[in-house]
Amino acid sequence: MPLPVNRQNGLLDTGTVHISKSKALISSVFLPQSPITHTLLPNMNICKLDLAVLFTPCRDSIVNHFDYLYSLSDHVRSLEKETNELRDLRNDEERKLEDAERRGFARPHQVDGWLATVRSLDTKSSAIQADFNKLCVCLGCCRLNFLSGYSIGRRASKLLKEVVEAKQKPAEFKDKLAERLLPSRVKDIAGPSTVGTESTLASALKELSDCFNREEASIVGIYGAGGIGKTTLLKRFNNEFRGGVDHGFDEVMLVVVSKEPNLGRIQKEIGKRFGLSWAEGASVDERASDLLDLLSKTKFVLLLDDLWGAIDLDMLGIPYPNERNKCKVVVASRFEHVCDDMGVGDKKIKLRYLEKDEAWDLFRKSAGETHVDSFDIRPIAEDITRECGGLPLALIVVGRAMASKKTEEEWEHAASALKRHWPSEIRGMEEKLFHQLKISYDSLPDVRTRECFLYCCLFPEDHSIFKSQLVELWIGEGFMDEYGDDLDIAHNKVHDIIGFLKSVCLLEGGEDENTTVKMHDVIRDMALWIVNVFRGGENHKFLVNAGVGLKEVPDTEKWMEAERISLMLNEVVDLPERAPNCSHLLTLLLQNNQNISRIPTGFFEFMPLLRVLDLSWTSIEELPVGIGELVELRHLDLSATNIATLPKELGGLARLRRLRLQRTDSLISIPNNVISRLLGLQVLDLQDSGYVIGGGDEEVDDLDNDIDRQVGLQDLEQLERLKDLRLELKSDHSVHQFLASRKLRKITSYLAVIECPSLTSFILSSSSGDMERLQNLELIGCRHMKELIIGEEDDYFLLKSLKFLTLKGLRRLESIIAPHNTLRNLRNLRVQHCDALKNINWVSRLRYLERISLEYCNGMKHIAEVVVDDIENSLLPFTQVKILEIRMLPELLSICTHPLTFPSLESLNVRQCPKMIELPVLGAPNLKQIQGEQEWWDELRWESKSAFQAKFRVN
């Protein structure tokens, strides 16, 4: 009969029971207590024991072999059960691994080996099960086929042990399942050729590297105009991380953000570097969570190119870089404020335009060196290169457009097209250059900022524009109307817009970075293209021929389409006799045409909307009566003209807000009936004017007829909207009347007191008004003035805006009293021909003073007597002084009585100061030049003299 089949579930229990039974059975066969044994081996227990030892291993082996057959069914079913559990374990672990891999982690080789083993065990187990089932079908589960049953049982028993061992393995390397995938640390990125720009690129790369390597520089910014090479620099910087040098970062990634950032795309690009992938419907937050988990364990460098606005790193899942995690982010944008919004602080660099030689090299490469270098074409090619202004994109686009041009005439036409702003005549200039640059214009926040930007193209190429001039014009145009009569807010808003346009690289610093701006030539061409071509509209065009040497005005038919006309800085002689029909004209800029001496009578007849008229620096002697036709005029500039009087028709311009009469030496008459009717007047500028303003209460021949009476201070007081007054006082009476007028003191921004012979003192105190707007004060030629008193100790707000102070020709001036709180914002001090002054001690307490100019003061011995206690209390004098000019001071012994450090001093100019043979300057780290006489320098005793020898120049 067949052997019973064990149905127990536990493998070890089942095997133990059956192996025990097998051992018992085999023992009864191999070690019986038979008579033969006792007969043959009587009293030989030792021999019996040796036989037991001898046969026991043999018995165990036989038991195991017998068990393969005896417990065949149990072994197979136990193997099946354990294999199923191992298979489930494998599936669980594979799901964990897939999830980890999606988050950027990788299975180590040990895990791959285990999975391969499991697959092999599963295959073998299935084969044993198939063989067992086949045996059962053929033999009805009997064990008569001992050979087949023995083989299956033996294989099942051995495989069972391997399966049990494999089930324990995951516990040994469960932590290793989270080993991070090691990506390629940096991917080499192909970029455009840098031939012709190597020097500038190398310089920018060094500047970026220096900034990047600062320990506290977690986020670094790069900004610059469109087409200037930001992307090229970022690609080169990315590739610098290759080359086998251990830079200490796990991953360097470059991602383009673009104008309309797609967060999902950015996340996928970063994830792709780590082998991450997400299901199609995964949200930004889900991807961010996975990226954050991955990047938190990664020391990375992330290069973000083409940012148009700040991007939230947290929302992307990018850990914020800091000194603790040692990660770095570099952002590149056209806009400086985007870098600021990303938190770069002062860790930012601005890319510069190419210098002349590099610009030429890049253009030659783009246009083809062979014909560019030809004798006839080279001068024209150099002109075209200059028109591109060192902007790499412009040089490449224009250069490639010229590559097929072989004749001198073709090149002349292209040069002319650039000068005349005809971009359509040069292939690719509109599509590949202007459209790219226009994106910056399109990104400006509002219409007003766009109009302010476009306004700057009215000025000549490469022209430094005074910020103060833009203040006047933009307010005059009505761009700041929302601020009403508050000129301070309007003034500050203009400067805010100027600063913003600089930050987005549509304007740049001019000749004087602090006071001027300018528009790059290519940016200006783009602005003119926007106005005259892209924006379209026949009545919204700009007619601009500024600074091009015109002797005749353009055809008046062109005037008819214009909204703004600029013919400034030319040599125009005559204006059209026949009035042009300019029904849409808002702006007419004719300044700096010194050959214009008259304006035709009917010239203004058909300009009903004109708001801004600038006739400054022309030679006109009078205004035509037609000036009264300009009923919308808001801004009239007659500065530096030869005008002698203002016509009565001017009084009819009720909307006029700004009237500038600066430097009108010939002006002798301003009828009161003109000014008194300008009820909207906000700004009146009489600085350096020939007009002598009186009190306004002088007697006239006919008291009933006010026509001939000239405007006086009393009349100006009646102008309710007047907020900014600039004037000169040339009589003792006018000075006293001015100081007695609270309103006039409050609104005056420039005041000159000139040649008032009876004035012995000039006293400004809170009792005479704080003069809150006064920025420039000049006391000139008052030869009997002995003292100047500016405020008292508690006059904290007195002259808070004063930045320029000039004292000239006050020969008897002996003392200047200026307490500590006054003049605290003074920037520029000029003292000339004040022979009685011994010193100007009070300047040592002026914290913001930047320039001191002293000339022809015969009695001055020291500039300032420095108090040692002030030095010890850190009240260091002259810390901001950049320019120090000392000329014709024959008695001067020293700059100051105690040696000092001048940390900001850049220029020192000494002339004809024979007694000043010592220089009490302990240090001047920013000193760039010293000018003086050779004899003075040779005799000078100064410890640092040798260190500054190379900076000395003979004046």
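Taken over the range 730-747, the residue count meeting the criterion of being under 10 Å from residue 717 (Cα atoms) and basic (Lys, Arg) is 2. Of the helices (runs of 4 or more DSSP H) contained entirely in the range 303-416, those carrying at least 1 residues that are on the phi < 0 side of the Ramachandran plot and in contact (Cβ under 8 Å) with a residue 60 or more places away in the chain fall at 336-341, 356-367, 378-387, 392-402.
When residue 665 is tested against (1) open to solvent by 10 Å² or more (accessible area, probe 1.4 Å); (2) part of a loop (DSSP other than H, G, I, E, B); (3) without any contact (Cβ under 8 Å) to a residue 24 or more places away in the chain, only condition (3) is not met. Would you be able to say whether some residue in the range 445-460 is surrounded by fewer than 19 Cβ atoms within 10 Å (Cβ to Cβ), out of contact with any Gly (no Cβ under 8 Å at 6 or more places or on another chain) and part of a loop (DSSP other than H, G, I, E, B)? Taking every residue of the range 445-460 in turn, at least one turns out to be surrounded by fewer than 19 Cβ atoms within 10 Å (Cβ to Cβ), out of contact with any Gly (no Cβ under 8 Å at 6 or more places or on another chain) and part of a loop (DSSP other than H, G, I, E, B).
The single condition from (1) at pLDDT 85 or above; (2) out of contact with any Ser or Thr (no Cβ under 7 Å at 6 or more places or on another chain) that residue 145 fails is (1). When 918, 935, 906 are checked against the criterion of being among the acidic types (Asp, Glu) and farther than 24 Å from residue 858 by Cβ, a single residue qualifies: 906. The sole residue among 124, 176 that is in a helix (DSSP H, G or I), modelled with pLDDT of 80 or more and open to solvent by 60 Å² or more (accessible area, probe 1.4 Å) is 124. Kindly establish whether residue 471 is surrounded by fewer than 20 Cβ atoms within 10 Å (Cβ to Cβ) and at pLDDT 95 or above. So residue 471 passes the test.
Taking every residue in the range 935-955 that is farther than 18 Å from residue 925 by Cα and pairing it with any residue that is among the basic types (Lys, Arg) and surrounded by 13 or more Cβ atoms within 10 Å (Cβ to Cβ), at least 6 positions away or on another chain, the pairs with Cβ-Cβ distances below 7 Å are 955/911.
Do we find that residue 711 is at pLDDT 95 or above and either out of contact with any Gly (no Cβ under 6 Å at 6 or more places or on another chain) or open to solvent by 60 Å² or more (accessible area, probe 1.4 Å) (or both) in this structure? Criteria not met by residue 711.
Residue 680 falls short of the stated requirement of being open to solvent by less than 60 Å² (accessible area, probe 1.4 Å) and over 16 Å from residue 477 (Cβ atoms).
Look at the range 728-742: where a residue is within 12 Å of residue 694 (Cβ to Cβ) and a partner is of a type in the set (S, T, N, Q) and modelled with pLDDT under 90, sitting 6+ places away or on another chain with Cβ atoms under 6 Å, you get 732/758. When only residues in the range 884-903 that are more than 20 Å from residue 857 (Cβ to Cβ) and of a type outside the set (Ser, Thr, Tyr) count, which is surrounded by the fewest Cβ atoms within 10 Å (Cβ to Cβ)? Ranking the candidates gives 903 first. Does residue 336 fit the bill of being among the charged types (D, E, K, R), crowded, with 16+ Cβ neighbours inside 10 Å, within 23 Å of residue 203 (Cα to Cα) and at pLDDT 90 or above? Yes: the conditions hold for residue 336. Pairing residues of the range 514-529 that are at pLDDT 95 or above and of a type in the set (Val, Ile, Thr) with residues that are in a loop (DSSP other than H, G, I, E, B) and open to solvent by 10 Å² or more (accessible area, probe 1.4 Å), at Cβ distances under 7 Å and at least 6 apart in sequence or on separate chains, gives 516/464; 516/510; 517/510. Residue 258 versus (1) at negative phi; (2) assigned to a loop (DSSP other than H, G, I, E, B): which is the lone unmet condition? Single failed check for residue 258: (1).
The set of residues in the range 714-749 being acidic (Asp, Glu), within 16 Å of residue 670 (Cβ to Cβ) and open to solvent by less than 40 Å² (accessible area, probe 1.4 Å) consists of 715, 728. Taking the range 224-246 on its own, how many of its residues are assigned to a loop (DSSP other than H, G, I, E, B), in contact (Cβ under 8 Å) with a residue 60 or more places away in the chain and open to solvent by 10 Å² or more (accessible area, probe 1.4 Å)? Adding up the residues that qualify gives 4. Do you know which of the residues in the range 833-853 that are open to solvent by less than 20 Å² (accessible area, probe 1.4 Å) and part of a strand (DSSP E or B) is farthest from residue 902 (Cα to Cα)? Among residues in the range 833-853 that are open to solvent by less than 20 Å² (accessible area, probe 1.4 Å) and part of a strand (DSSP E or B), the one farthest from residue 902 (Cα to Cα) is 853.
For the range 282-296, the count of residues that are open to solvent by 10 Å² or more (accessible area, probe 1.4 Å), touching a Lys or Arg at 6+ places or on another chain (Cβ under 6 Å) and farther than 27 Å from residue 232 by Cα is at least one.
Close contacts from the range 422-438, counting a first residue that is touching a residue at least 12 places away in the same chain (Cβ under 8 Å) and part of a helix (DSSP H, G or I) and a second that is among the aromatic types (Phe, Trp, Tyr) and surrounded by 18 or more Cβ atoms within 10 Å (Cβ to Cβ), with Cβ to Cβ under 8 Å and a gap of 6+ residues or different chains, come to 423/434; 423/529; 430/529; 434/529.
Restricting to the range 601-621, and then to whatever is in contact with a Lys or Arg (Cβ under 8 Å, 6 or more places away or on another chain) and farther than 14 Å from residue 473 by Cβ, can you tell me which residue is modelled with the lowest pLDDT? Looking at the filtered set, the residue picked out is 602.
The values are calculated or read from the model by the stated rules, or taken from the named source; none is laboratory data. Source: prediction; values computed, not measured. Using ideal geometry, Cβ is built from the backbone for each residue, glycine included, and neighbour counts are taken over all protein chains shown. Note: accessible area is taken over every heavy atom of the protein model, side chains too, but ligands, DNA and RNA are not part of it. Shrake-Rupley method; radii C 1.70, N 1.55, O 1.52, S 1.80 Å.
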